[in-house]
Amino acid sequence: MLFLEDSQLTKIRSTNRCDSPHGISSYFVPISDVWAAKVYEFKCDRDNHFDKQEKAAEYGLGPEVGCKFEFGEGYGKKYCYITEIVEVRPRQRKGCDSYSTEYDACKQAQVEFAQKINPLLDDLVDELQDKIDFEFKDIHNNNVGFKNGKLVCIDFGDES
Ligand SMILES: Nc1ncnc2c1ncn2[C@@H]1O[C@H](COP(=O)(O)OP(=O)(O)O)[C@@H](O)[C@H]1O
Ligand SMILES: [Mg+2]
């Protein structure tokens, strides 16, 4: 994905970090069924994650990347890139009642996701190291996903 439509940029600009899936360094804003923006506070993080994800994607070890772009001014400036959306750990809907069947079903899906990834993690870590010299230290359920049935890394940060 090389170009953003105006409506997609408007969606990214108007979405808050707290209303989105997020970690320490970025938040995630879907803009179509296939593509999403990852939004960072710092250019160095965006550039570093982008470069590693681009390499990983070449080997089928990460989602595809699209364009890089920025929006905002001064301290509010944000640094972004487009990523392919992959299947990630199910998240509880914001405001979901923890005594509801919906909550229990999501918990169950989270357990199944963990069971699915556990036997595959070691190989992914080894492949990332061997193929693109990336040490995947921040290994947990929210930093991996499935692309066409293959476990991939989705978080290319340095933190452990
Ligand atoms: N390619 C992706 N496909 C689907 N969801 C994603 C993808 N990348 C990130 N996410 C979602 O956004 C969250 C935060 O992304 P992540 O890269 O882990 O950010 P951080 O570096 O801040 O930890 C993930 O836990 C996941 O829910
Ligand atoms: Mg993360």
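The values are calculated or read from the model by the stated rules, or taken from the named source; none is laboratory data. Values in this document were obtained by computation on a predicted structure and should not be read as measured data. Don't worry about glycine lacking a Cβ; one is built from the backbone with ideal geometry, like all the others, and counts go over all protein chains shown.
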- Of the residues in region 68-86 that are hydrophobic (A, V, I, L, M, F, W, C) and closer than 22 Å to Ala57 by Cα, the one that is farthest from the chain's Cα centre (by Cα) is Phe69
- Task: Only residues that are surrounded by fewer than 15 Cβ atoms within 10 Å (Cβ to Cβ) and within 12 Å of ligand 1 (Cβ to nearest atom): list them for region 42-77, please.
- Result: Phe42
- Could you tell me which of the residues Val65, Val29, Val34 is in contact (Cβ under 8 Å) with a residue 40 or more places away in the chain and either of a type in the set (A, V, I, L, M) or closer than 16 Å to Cys153 by Cα (or both)? Val34
- Note on the structure: Note on region 113-153: residues away from ligand 1 (no atom under 14 Å from the Cβ), within 23 Å of Asp33 (Cβ to Cβ) and not basic (Lys, Arg) are Gly149
- Message: Which count do you get for residues in region 22-41 that are modelled with pLDDT of 95 or more, part of a loop (DSSP other than H, G, I, E, B) and surrounded by fewer than 18 Cβ atoms within 10 Å (Cβ to Cβ)?
- Response: 4
- Task: Please work out if Asp51 is farther than 25 Å from Gly95 by Cβ and modelled with pLDDT under 95.
- Result: no
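Per-residue answers, yes or no, for (1) polar (S, T, N, Q); (2) more than 14 Å from ligand 2 (Cβ to nearest atom); (3) more than 15 Å from the chain's Cα centre (by Cα):
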| residue | (1), (2), (3) |
| --- | --- |
| Lys116 | no, yes, yes |
| Pro119 | no, yes, yes |
| Asp126 | no, yes, yes |
| Gln129 | yes, yes, yes |
| Lys137 | no, no, yes |
| Phe146 | no, yes, no |
| Ile154 | no, no, no |
- Restricting attention to region 119-157, which residues are in contact with a helix residue (DSSP H, G or I) (Cβ under 7 Å, 6 or more places away or on another chain), farther than 16 Å from Phe50 by Cβ and part of a strand (DSSP E or B)? Val144, Leu151
- Task: Report, by residue number, each residue of region 55-93 that is out of contact with any Phe, Trp or Tyr (no Cβ under 8 Å at 6 or more places or on another chain) and farther than 27 Å from Gly149 by Cα.
- Result: Phe71, Gly72, Glu73, Gly74, Tyr75, Gly76
- Query: In the set Arg89, Arg93, Arg13, Arg46, which member is more than 13 Å from the chain's Cα centre (by Cα), at pLDDT 95 or above and of a type in the set (D, E, K, R)?
  - Reply: Arg13
